Amino acid sequence: MKSRNEICEEIESEVGERIVVLRHDVDNIYGIYRPGFRQKIVKPINYALLALMTLSVKLRYLIPFYENHIQELLDVESKYGAKASYFFRVITLPRHSLLRKLIAEGHEIGYHSDRNSSFHQWFGDLKTLERELNVHIHGFTKHGHSLVRDGGIVEEDLLINYASKAKLLYFAQGEGHEDWNLPKKIKNVWIFGHHITLKKASIENVRKYLERCIPLILIHPEDIFIKGERAKLEYVLANRKGISVINLIRIINKISGEESYPRQ
Ligand SMILES: [Zn+2]
């Protein structure tokens, strides 16, 4: 069995440099943190449109500047050659032109679940995303609280069961297991132990967190409009190679195989 350090080093040599796993939960359709008066206008429109989206996923094609906050994030990431996982809700799923761009630039499309009270609803939304986007989804993250849809509290066992039943490969929430140095496979689903949300962390804490073997950082696309956040993101991308969750899992599978993977 390989030790944790061996696995961390092998991941680094496989990628060619230290890594950071980039998680983007797409909660909103506009950059709601744009400075000044624009925030006052954009925010209520954003929530009104999200409420409308619960009626029809087709309406998005009529909306001007739909998800142009993602474009801003994509531009920053392409400058550093970073790849990321973009997790979409049914009510924020991208237009086809944006979807094609995300895929062409090597990013992953995942599921951001916001209806978790029954497997039926949770699975239905996953299938809606796959059908509308015509992609195969490998993993998911869970939405927190919002005005129009509430992801509820994280019940990890329940969500692991959902993912296992749906044959998803991973749940990249990263909560409740600070002591895990590596993700763990439970019921055939990779579970992440910890993450940080970039906007909630000081630059010192970001620096410290990046020293971990597999740092997982959450950045909502709209967060880069918050003062100072773009600089923090650029610091991360300049110091670590940004990769998507699915790429990390492929690397781990390649270098270790299940038998040699440490149980911790
Ligand atoms: Zn969310």
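General observations
- Total residues in the range 69-85, condition surrounded by 13 or more Cβ atoms within 10 Å (Cβ to Cβ) and within 16 Å of residue 237 (Cα to Cα): 11
- Answer residue from the range 195-220, given it is open to solvent by less than 10 Å² (accessible area, probe 1.4 Å) and closer than 15 Å to residue 19 by Cβ and is farthest from the ligand (Cβ to nearest atom) among those: 210
- Qualifying residue in the range 132-150 (condition: open to solvent by 40 Å² or more (accessible area, probe 1.4 Å), within 16 Å of the ligand (Cβ to nearest atom) and touching a residue at least 60 places away in the same chain (Cβ under 8 Å)): yes
Here is a yes/no grid of residues against (1) on the phi < 0 side of the Ramachandran plot; (2) buried (at least 17 other Cβ atoms within 10 Å of the Cβ); (3) in contact with a Ser or Thr (Cβ under 7 Å, 6 or more places away or on another chain):
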| position | (1), (2), (3) |
| --- | --- |
| 3 | yes, no, no |
| 7 | yes, yes, yes |
| 22 | yes, yes, yes |
| 26 | yes, yes, yes |
| 31 | yes, yes, no |
| 35 | yes, no, no |
| 48 | yes, no, no |
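- Screening residue 78 with (1) part of a helix (DSSP H, G or I); (2) more than 16 Å from the ligand (Cβ to nearest atom); (3) within 16 Å of the chain's Cα centre (by Cα) gives one miss only, at (3).
- Residue match in the range 86-94 (condition: in a loop (DSSP other than H, G, I, E, B), hydrophobic (A, V, I, L, M, F, W, C), in contact (Cβ under 8 Å) with a residue 12 or more places away in the chain and open to solvent by 60 Å² or more (accessible area, probe 1.4 Å)): no
- Boolean, residue 192 is touching a Ser or Thr at 6+ places or on another chain (Cβ under 8 Å), modelled with pLDDT of 95 or more and surrounded by 16 or more Cβ atoms within 10 Å (Cβ to Cβ): no
The values are calculated or read from the model by the stated rules, or taken from the named source; none is laboratory data. Being a predicted model, the structure only gives us computed values, none of them experimental. Every residue, glycine among them, receives a Cβ derived from its backbone with ideal geometry; neighbour counts consider all protein chains shown. All accessible areas refer to the heavy atoms of the entire protein, side chains included, with ligands and DNA or RNA removed. Shrake-Rupley method; radii C 1.70, N 1.55, O 1.52, S 1.80 Å.
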